[in-house]
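Right, one structure below, let's go through it.
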Amino acid sequence: MGSRSPRYRSRSAGQPELGWNRASFDSRPNGAGVSCSWWMEELEMASDNLERVRHSLGHVMAEAVLSLFPEAKFGIGPDIDTGFYYDFDLPRALTPEDLAEVEKRMRAILKEGRRFQRSEIPRDDALRQFADQPYKLELIHDLPEDEAISTYAQGRFVDLCRGPHVESTKEIDARAFKLLSIAGAYWRGDEKRPMLQRIYGTAWETKDELDAYLKRLEEIERRDHRRLGRELDIFSVDPDIGAGLILWHPNGATIRQEIERFWVDEHRKRGYQLVYTPHIASERIYEISGHLETYADGMYAPMDIDGQPYRAKPMNCPGHVRIFQSHTRSYRDLPIRLAELGTVYRYERSGTLHGMLRVRGFTQDDSHIFCRPDQLVAEVNGVLDLTFFMMDTFGYTYKAYLATRPEKYIGTDEQWEFATEALRQVLEDRGMEYEVDEGGGVFYAPKIDIKLYDAVGRDWQGPTCQVDLNEPERFDITYAGDDGQEHRVIMVHRTVLGSMERFIGGLIEHYAGAFPVWLAPTQVAVIPIADRHVEYAKTVADGLLQASLRVRMDDSGDRMNAKIRKAQLERIPYMLVVGDREAEAGAVAVRLRSGEDLGAMPVAEFEEMALKAVREKAQV
RNA sequence: GCCACCCUAGCUCAAUGGCAGAGCAGACGCUUCGUAAGCGCCAGGUUAUCGGUUCAAGUCCGAUGGGUGGCUCCA
């Protein structure tokens, strides 16, 4: 693909973008019983009133902080999806104890039943009134000359603010908010400017809603892929290997191999050709591609090979382009779809690294489709077919966005028009609901982005499909048309999973560690009740192993109950308990990780059932 | 990278500046058990690393590495 990767909105960044969810959560580790997302609706229903409550609480918090720190300087304090925050410049760092004290003072203020009073004041008065508040002064200076400047007063405390607010603090349920965390935040998001201290709070209409939200945060913590990754022995990160570099343990490697196998099969079926490209390349290729110009910050320093600078590969596209260009291509050859599970290395600032979700080396499921203009619509359609098929398989729901030309862009208006319309046509023809993300494209490409919603209703940046307007020019990629002339190739970049690291990290949370049978590192645990059953258990396990099931037989000295508990904690889909009765009958007693007891059945019957679940990639 | 905080056994956590401990996991022994933890015993540590203050540092100070929550940025 081109010089910039698709925009990703990290769900791990910022306060979790979560709404309140009615679904009750099962605290057991298999995560059974978590139902899907009402939360989006809940968010949309979040009334104007709730926004006013949240914003008003921001002011109340500001007053509480001021009473604690008379020298406090104020930044901004808006309401957000789940509450509010306010940025302060304070003489010292805040501690968790301060948070408790601020919260206490807020409750006292709420109790007083303050009225919020709006005033519109002349600019000069505003400048005078906030003379000792440099950040507020800056905000005032940036307001248009003709715009009225308004302030809100709640008793003695006055803040520059557009509003609106509740009438009185009596409208706020003092039990329905909570201060959550302290974080650094640059003034106006600019890292060259001072770093302020931000206090995040969450606020709801009622205490029940607050409790539901806090419970939801706990559920999300239980699903955290870093925690489950360690507990389920899926991956680790070792400081001596390096931050942001993932070690895939056998369990993680099994999951990854199954997904990669699935991915390879589906791509072959759909006419993709698989390729491999090297992990390092001469700098020359990145001069041609333009990455050295536009992506240098994301690339590692050059290494010297025989006096020539080489770089770790940050993108797969140049290699794919060169494979395409290794022959002259005729219009009859197109489309050519090159795909690679291509490992790339990109510099990420240390503070942004996060488990498997944000790393410095990762494997993209990358593909570049080289086609003629008249093939573009069909190709994009094919990409979406594949995309939705795979996302359905993993049980994600999704929403499509058409991202159009941004302010800064390269290429001609005609190119943008052509490419954007092709994408739009595909979405229209499919009768899909989609939103237009005006100006949300990358500088070299319009694109279709798919946002995924997981089992607890969180959104993730998912598949993306871009019509690259940069590299065909830079590399001068052409084919011979039926007129014997050279024509410019259309190049589609697309990824379905994104990267194996991020996708599987997300899957861990989506499934809460309880992978469907086809992905489960161990699919079957055979549990002999007493030592005399071990021999029979071995026979059963061997048989299933020969049938290509991933089986483990537990011949430890533990009691059956303990063996079951261990298997449960590992989220093993099937537990086969074998005792005298089963050995006698050539049967196994099947327990599912949901706790359901299917009773005894012949081994052959179980084998068939399990293989069917694998084959169908059943969501159990 | 920046701000704040954190780093004690594989994991989760104790220990006023004064003898480094527990539970789980692990090894071993006993128990042979019918759907989520049987009992006992043993082992496990240069308290992330390096340096400093102190009679004495897990504890106080500094640096480095790593992590957490954010900011910024992204697959």
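Read-outs throughout are calculated quantities, based only on the coordinates presented, and are distinct from any laboratory measurement. Owing to the predicted nature of the structure, the values given are computational and were not obtained by experimental measurement. Cβ sites come from the backbone with ideal geometry, for glycine too, and all protein chains shown count toward neighbours.
For the stretch A:311-347 and the stretch A:381-445, compute the distance between their C-alpha centroids and round to whole Å.
The distance from the Cα centre of the stretch A:311-347 to that of the stretch A:381-445 comes to 21 Å.
Which loop-located chymotrypsin sites (Phe, Trp or Tyr not before Pro) does the stretch A:255-304 contain, where loop means any DSSP state but H, G, I, E or B and the Cβ has at most 16 other Cβ atoms within 10 Å?
Sites meeting the loop and neighbour criteria: A:Y276, A:Y300.
Let's see if you can work this out: charge +1 on each Lys and Arg Cβ, -1 on each Asp and Glu Cβ, no other charges. What is the dipole magnitude of the stretch A:48-204 about its Cα centre, in debye to the nearest 20?
My answer is approximately 560 debye.
Neighbour counts of other C-beta atoms within 10 Å: give me A:D366, A:D87 arranged from fewest to most.
Listed from fewest to most nearby Cβ atoms, that is A:D87, A:D366.
So how do A:V526, A:V426 line up by other beta-carbon neighbours within 10 Å, fewest first?
A:V426, A:V526
In whole percent, what relative contact order does the stretch A:239-334 give with Cα contacts below 8 Å and a gap of six or more residues?
Over the stretch A:239-334, the number comes to 23 percent.
Between beta-carbons, use under 12 Å as the cut-off and find the net charge around A:F130, counting Lys and Arg +1, Asp and Glu -1.
-1
Tally Lys and Arg at +1 and Asp and Glu at -1 over the other residues with C-beta under 9 Å from the C-beta of A:G342: what net charge comes out?
-2
So what's the back-of-envelope 222 nm ellipticity for chain A, counting only DSSP H runs of four-plus at -39500 (n - 2.57) apiece and dividing by all residues, rounded to 500?
Only helices count here, giving -10500 deg cm²/dmol.
Looking only at Cα atoms, what is the convex hull volume of chain A per residue, in Å³?
205
Evaluate the relative contact order of the stretch A:48-204 (contact order divided by residue number), counting alpha-carbon pairs under 8 angstrom at least 6 apart; express in whole percent.
This gives 30 percent for the stretch A:48-204.
When only DSSP loop residues count, what GluC sites (Glu not before Pro) in the stretch A:405-503 have their Cβ near at most 10 other Cβ atoms within 10 Å?
Those satisfying the criteria are A:E407, A:E433.
Over the alpha-carbon set of the stretch A:48-204, divide Rg by the Kirkwood Rh and report the Rg/Rh ratio to two decimals.
0.94
Contact order normalised by length for the stretch A:332-462, with contacts defined as Cα pairs under 8 Å and 6 or more residues apart; what percent is it?
24
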